[in-house]
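Contents: one structure, followed by commentary.
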Amino acid sequence: MRVAVFGATGGTGRQLVRQALALGHQVTVLARRPDAVAERDERLRVLAGDVLAPECVAPVVAEADAVISALGIGFHRWATTVYSQGTGNVIDAMKAAGSRRLLCVSTSSLVLPPVQRPAEYAVGRMLHAILRAPYADMALMEDRVTGSGLDWTLLRAARLTNGAPTGRYRTASETKLAGCWSISRADVAGYLLANLDTATTFQRCVEIAY
């Protein structure tokens, strides 16, 4: 498949590019600094530009069979528009190009677990207090994705680690996943690539954790 990846220089994005190439996909990425994309492959096309600039986004999705967004700012407290504006530009470009399939990484802690799970609830409340600004923008991103009319999947990942891929994880669709503590970036990438064209994940919010 022809896969477009946004956020390719982040931890999850690097895993996506590496694994997608290993699976034989053709990959196009957008990077402000192309030299920050470590992979080198004849099936990898790296375009220079900023996801916040619509004119840079359009060529990346123009011929894509599936688009994956792993945009993010990491564990930082500052206000941002990368999630909402960046993903909004991706959605607009997809609609203009006639592309349908969008997979987007979010976080499981954006939606608080029930108070009946006190440890998870307490951690969630703490994260919302610390990351109030980026979480607000991430919520706008989710609104734009779910209202896009595309064949979208929002993957709400637990705390991301740099562990090796295991292929063994739990998921829950349209509900909170109990014990949602951690997941490796490698397994997040593996799930996304395994479900590039899985119709049962279309227009679904999926949580993932070990």
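The values are calculated or read from the model by the stated rules, or taken from the named source; none is laboratory data. Note that the structure is predicted; figures quoted are calculated from it, not measured. Glycine also receives a Cβ, built like all others from the backbone with ideal geometry; neighbour counts cover every protein chain displayed. For the accessible areas, the whole protein counts, side chains as well, though only heavy atoms, and no ligand, DNA or RNA atoms are used. Shrake-Rupley method; radii C 1.70, N 1.55, O 1.52, S 1.80 Å.
Being in contact (Cβ under 8 Å) with a residue 24 or more places away in the chain and in contact with a strand residue (DSSP E or B) (Cβ under 9 Å, 6 or more places away or on another chain) is true for just one of A164, A133, A172. Which residue is that?
Numbers: A164 fails: in contact (Cβ under 8 Å) with a residue 24 or more places away in the chain; A133 fails: in contact with a strand residue (DSSP E or B) (Cβ under 9 Å, 6 or more places away or on another chain).
Testing whether each residue is in contact (Cβ under 8 Å) with a residue 24 or more places away in the chain and in contact with a strand residue (DSSP E or B) (Cβ under 9 Å, 6 or more places away or on another chain) leaves just A172.
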Study note, to complete from the structure: Going through the range 90-115 in order, the residues found to be under 14 Å from F6 (Cβ atoms) and touching a Phe, Trp or Tyr at 6+ places or on another chain (Cβ under 9 Å) are V90, I91, R101, L102, L103, C104, S106
Point to revise | The one condition in (1) under 15 Å from the mean Cα position of the chain (by Cα); (2) within 18 Å of L103 (Cα to Cα) that G74 fails to fulfil | key: (2)
Review point. Out of curiosity, is R125 of a type in the set (D, E, K, R), modelled with pLDDT under 95 and open to solvent by 60 Å² or more (accessible area, probe 1.4 Å)?
Key: yes
Exercise for review: State whether the residues of the range 45-64 include one that is under 19 Å from A189 (Cα atoms) and modelled with pLDDT under 95.
Suggested key: no
Practice item. Exactly one condition in (1) of a type in the set (A, V, I, L, M); (2) modelled with pLDDT of 95 or more; (3) assigned to a loop (DSSP other than H, G, I, E, B) is not met by A189; state its number. Key: (3)
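Got a number for residues in the range 160-174 being open to solvent by 20 Å² or more (accessible area, probe 1.4 Å) and part of a strand (DSSP E or B)?
Result for the range 160-174: 5.
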Exercise for review: Those residues that are among the small types (G, A, S) and under 14 Å from A70 (Cβ atoms), I need them from the range 187-209; list them, please.
Suggested key: A189, G190
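To keep it simple, each residue is scored yes or no on (1) more than 19 Å from the chain's Cα centre (by Cα); (2) surrounded by 21 or more Cβ atoms within 10 Å (Cβ to Cβ); (3) under 19 Å from V51 (Cβ atoms).
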residue	(1), (2), (3)
A97	yes, no, yes
L102	no, yes, yes
S109	no, yes, no
A129	yes, no, no
A139	no, no, yes
V145	no, yes, yes
A158	no, yes, no
K176	no, no, no
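Could you look through the range 191-210, keep only residues that are of a type in the set (A, V, I, L, M) and loosely packed, with under 15 Cβ neighbours inside 10 Å, and pick out the one that is farthest from E142 (Cα to Cα)?
Looking only at the range 191-210, we keep the residues that are of a type in the set (A, V, I, L, M), and these are 192-194, 196, 199, 206, 208-209.
With loosely packed, with under 15 Cβ neighbours inside 10 Å added as a condition, the list becomes 194, 199.
On the way: A194: 22, A199: 19 Å.
The qualifying residue farthest from E142 (Cα to Cα) is A194.
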**Study point:** Candidate set from the range 1-22 (those that are of a type in the set (V, I, T) and under 10 Å from the mean Cα position of the chain (by Cα)); member that is surrounded by the most Cβ atoms within 10 Å (Cβ to Cβ)
**Key:** V5
